[in-house]
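Participant: I'd like to ask some things about the structure below.
Just so it is clear, none of the values below were taken in a lab; they were calculated from the coordinates. Bear in mind that the values here come from a model prediction, so they are computed numbers and not experimental data. Don't worry about glycine lacking a Cβ; one is built from the backbone with ideal geometry, like all the others, and counts go over all protein chains shown.
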Amino acid sequence: MEALGINLPLLIAQIVCFGGLLAILWRFAYKPVMNMLDARSEKIEESLAAGEIVVQQAREAEIAYKEKIKEAAAQSQIIIDRASKTGEEIRLKAIEEAKEEAAIVVSRAREEITREKEETISALRKEYADLVALAASKVIGKSLDKKAHEALIDDVLAESISLRKN
Amino acid sequence: MVALLALTVVGFAAGALGEVLLSNLDIPDWMRVERPEPHLPGTALFYIGPFPFTNTFLATLITILVVSLIAILATRKMKMIPGRFQSAFELVIGYVLGLCEDIAGKKLGRVFFPVVCTIFLFVMFNALLALIPGYGSVVVTTVDGVHTELLRGANTDINFPLSLAIVAFVMIEYWGISRTGFFRYMGKFFVFTGFAHAFKDIFSGKIGKGLKALPMAFIEFFVGILEFLSELVRLVSFTFRLFGNMTGGEILLVMMMYLMPYVLAIPFYGLELLMAFIQALIFGGLTLTFAYIATLPPHGADEKGEAH
């Protein structure tokens with residue numbers, strides 16, 4: 001024991017030294033470092049979880065976004081379809097209306113023409129009758145009574161119409 | 001490069017080997033390295049009552065100072081995102097903490113960790129500081145009139161490894177008893193259960209069966225006693241493993257410096273650097289392992305033997 005140098009007071013002092021170092025390190029190294037390591041791993045775990053959530057949210061948002069775009073496209077297609085349909089309808093309606101209007105105008109014009117023609121014809125006929133009456137009175141030299149007169153006119157007229165037709 | 005080569009050659013020539021092999025060379029005296037006289041006990045610088053204040057004890061105090069200073073500086077302003085110094089310190093502490101948690105589990109590992117880590121740091125820094133050039137070069141005259149180094153690595157004084165071994169031993173037994181209970185823990189070493197079963201069989205009429213169980217009971221008892229002895233022997237093996245390695249390393253360095261001074265002795269410094277880490281790891285690791293084994297319930301896994 002002597003040769004090795006084992007010495008009780010020194011031994012005890014060394015044990016006390018160990019205790020002292022343990023206490024110092026406990027206070028200044030182990031506790032803060034362990035706390036820090038734990039806090040850090042906790043934080044990393046949290047961040048990872050949070051990151052996971054964010055990624056998930058982003059994915060969901062993307063899906064929702066795509067869905068929206070798809071919907072919007074569908075909606076716009078519908079709107080376009082509807083618009084073109086409406087346009088077509090309007091066009092057809094306008095054409096229809098125009099046609100109707102045209103028909104009305106044409107028929108009115110035709111009526112007018114017919115009316116005018118008839119008026120002209122009746123005026124002509126009247127004049128013609130007067131002329132014939134005058135001519136006849138002049139030729140016969142005598143005035144027919146009214147009844148005979150008109151019968152005569154009708155005869156002439158019928159003759160003239162048949163003549164015209166031929 | 002040339003200077004290094006020259007120093008290598010001169011160093012070799014100036015050393016003891018060179019002196020023998022090339023005795024005709026005239027090397028100036030100041031280049032000669034004195035013949036070392038290693039001695040095992042630390043030398044007392046002065047006495048406080050019966051307490052010898054040795055150079056190794058001074059080295060212990062310096063180690064404590066250095067380790068504490070590093071710890072305080074590293075953890076003074078702890079940040080979530082650490083700087084280099086804090087990172088390095090956390091790396092070391094985290095390494096030992098990881099070791100403890102790997103071996104003994106998360107909860108128990110944290111119980112063992114402070115003692116294991118202190119042993120690890122203490123042993124390693126003792127050894128590393130002793131390797132700093134100039135550490136053993138300051139020579140003083142003690143009150144006893146002896147010329148000696150002012151500082152000598154504490155690992156090379158048997159009191160230091162022995163104190164660590166005692167601490168480790170006491171803590172291991174304490175953990176073992178507190179975790180498994182006094183009687184259950186002692187039951188690992190003093191195995192009477194075999195006898196109890198055998199005699200119960202004999203007295204309850206099953207004499208044949210009881211007699212057959214008796215030799216097994218003897219063997220179990222004997223194994224228990226061996227376990228107990230190995231527990232005590234651990235104290236010695238712990239002490240001398242560290243003491244032997246460190247003292248041997250120190251003497252190796254001194255002898256190499258004497259035989260082939262300057263450059264050729266450098267590889268042995270590298271060896272001792274490695275040794276500092278390995279011995280610290282072995283001491284801490286074994287303490288951890290034994291502590292864990294001690295806390296296992298008896299008759300669990302068959303845990304015996306000691307790594308050397």
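Participant: Which order, highest average first, do A:92-102, B:103-113 follow once you tally other Cβ atoms within 10 Å for each residue and take the mean per peptide?
Facilitator: Per-residue mean Cβ counts within 10 Å order the peptides as B:103-113, A:92-102.
Participant: Turning to a different aspect of this structure: Can you give the helix-only mean residue ellipticity at 222 nm for chain B, where every DSSP H stretch with n ≥ 4 adds -39500 (n - 2.57) and the sum goes over all residues, rounded to the nearest 500 deg cm²/dmol?
Facilitator: Estimated from H runs of four or more residues: -23500 deg cm²/dmol.
Participant: How many times 2.2 N^0.38 Å is the alpha carbon radius of gyration of segment B:48-139?
Facilitator: Segment B:48-139 yields a ratio of 1.33.
Participant: At 0.36 nm per residue, and after removing the present C-alpha to C-alpha distance, how many nm does the segment from B:Ile81 to B:Phe195 gain when stretched out fully?
Facilitator: Gain on stretching B:Ile81 to B:Phe195: 34.9 nm.
Participant: Any chance you could run the full-extension gain for A:Ala102 through A:Ile80? It's 0.36 nm times the residue separation minus the Cα-Cα distance, nm to one decimal.
Facilitator: Stretched fully, the A:Ala102-A:Ile80 segment lengthens by 4.7 nm.
Participant: Give me B:Asp157, A:Asp155 ranked fewest to most by other Cβ atoms within 10 Å of their Cβ, as a rough exposure proxy.
Facilitator: A:Asp155, B:Asp157
Participant: Compute the distribution of all C-alpha to C-alpha distances in segment B:151-308, in bins of 5 Å from 0, and list the percent of pairs in each, rounded to whole numbers.
Facilitator: In order of increasing distance, the bins hold 2, 8, 14, 15, 12, 11, 9, 8, 6, 5, 4, 3, 2, 1, 1, 0, 0 percent.
Participant: Now for a different question. Provide the three semi-axes, in whole Å and in decreasing order, of the ellipsoid equivalent to segment A:65-128 as defined by the square roots of 5 times the Cα gyration tensor eigenvalues.
Facilitator: 60, 4, 4
Participant: Sticking with this structure for a sec: Give the whole-number value, in cubic angstrom per residue, of the convex hull volume spanned by the C-alpha atoms of segment B:169-240.
Facilitator: Hull volume over Cα atoms, normalised by residue count, gives 68 Å³.
Participant: Rounded to two decimals, what ratio of Rg to Rh does chain A give with C-alpha atoms and a Kirkwood Rh?
Facilitator: Result for chain A is an Rg/Rh of 2.08.
Participant: For the modelled label position 7 Å from the Cα of A:Ser160 along Cα-to-Cβ, which residues of segment A:114-137 have backbone nitrogen atoms closer than 14 Å?
Facilitator: A:120-137, by backbone N distance to the label point.
Participant: Can you give the Rg and Dmax of segment B:227-299 based on its C-alpha atoms, in angstrom?
Facilitator: Expressed in Å, the Cα Rg and Dmax of segment B:227-299 come to 16.9, 57.
Participant: Taking 7 Å along the Cα-to-C-beta vector as the label spot, tell me the B:Ala3-A:Ala73 distance in nanometres, rounded to one decimal.
Facilitator: So the two model labels end up 7.6 nm from each other.
Participant: Å³ per residue of the Cα convex hull, for chain B?
Facilitator: It is 206 Å³ per residue.
Participant: Would you list B:Phe122, B:Phe218, B:Phe89 from fewest to most Cβ contacts within 10 Å?
Facilitator: B:Phe218, B:Phe89, B:Phe122
Participant: Let me ask something else about it. Quick one: divide the alpha-carbon radius of gyration of segment A:1-94 by 2.2 N^0.38 Å and tell me what you get.
Facilitator: 3.11
Participant: If you don't mind, there's one more thing I want to ask. Over segment B:82-199, consider all pairs of different Cα atoms and compute the Kirkwood hydrodynamic radius from their mean reciprocal separation; express it in Å, one decimal.
Facilitator: After inverting the mean inverse Cα-Cα distance, the result is 18.2 Å.
Participant: Of A:Lys70/A:Lys99; B:Lys77/B:Lys107; A:Lys66/B:Lys79, which pairs sit farther than 31 Å apart, going by alpha carbon to alpha carbon?
Facilitator: Among A:Lys70/A:Lys99; B:Lys77/B:Lys107; A:Lys66/B:Lys79, the Cα-Cα distance tops 31 Å for A:Lys70/A:Lys99; A:Lys66/B:Lys79.
Participant: Order by neighbour count: B:His197, B:His39, fewest other Cβ atoms within 10 Å first, most last.
Facilitator: Lowest count first: B:His39, B:His197.
Participant: Something else now. Which of B:Gly134, B:Gly205, B:Gly181 ends up with the largest GNM mean-square fluctuation for chain B, with Cα atoms connected below 10 Å?
Facilitator: With Cα springs under 10 Å in chain B, the top fluctuation among B:Gly134, B:Gly205, B:Gly181 is at B:Gly205.
Participant: Calculate the spin-label point distance for B:Leu226 paired with A:Glu62, positioning each point 7 Å from the Cα along the beta-carbon direction, and give it in nanometres.
Facilitator: Output for this residue pair reads 6.6 nm.
Participant: Also, quick follow-up: What whole number of Å gives the distance from the Cα centroid of segment A:1-38 to the Cα centroid of segment A:50-127?
Facilitator: Centre-to-centre distance over Cα atoms comes out at 98 Å.
Participant: Can I ask one more? Normalise the Cα radius of gyration of the protein assembly as shown by 2.2 N^0.38 Å (N = residues in it) and let me know the number.
Facilitator: Normalised by 2.2 N^0.38 Å, the Cα Rg of the protein assembly as shown equals 2.61.
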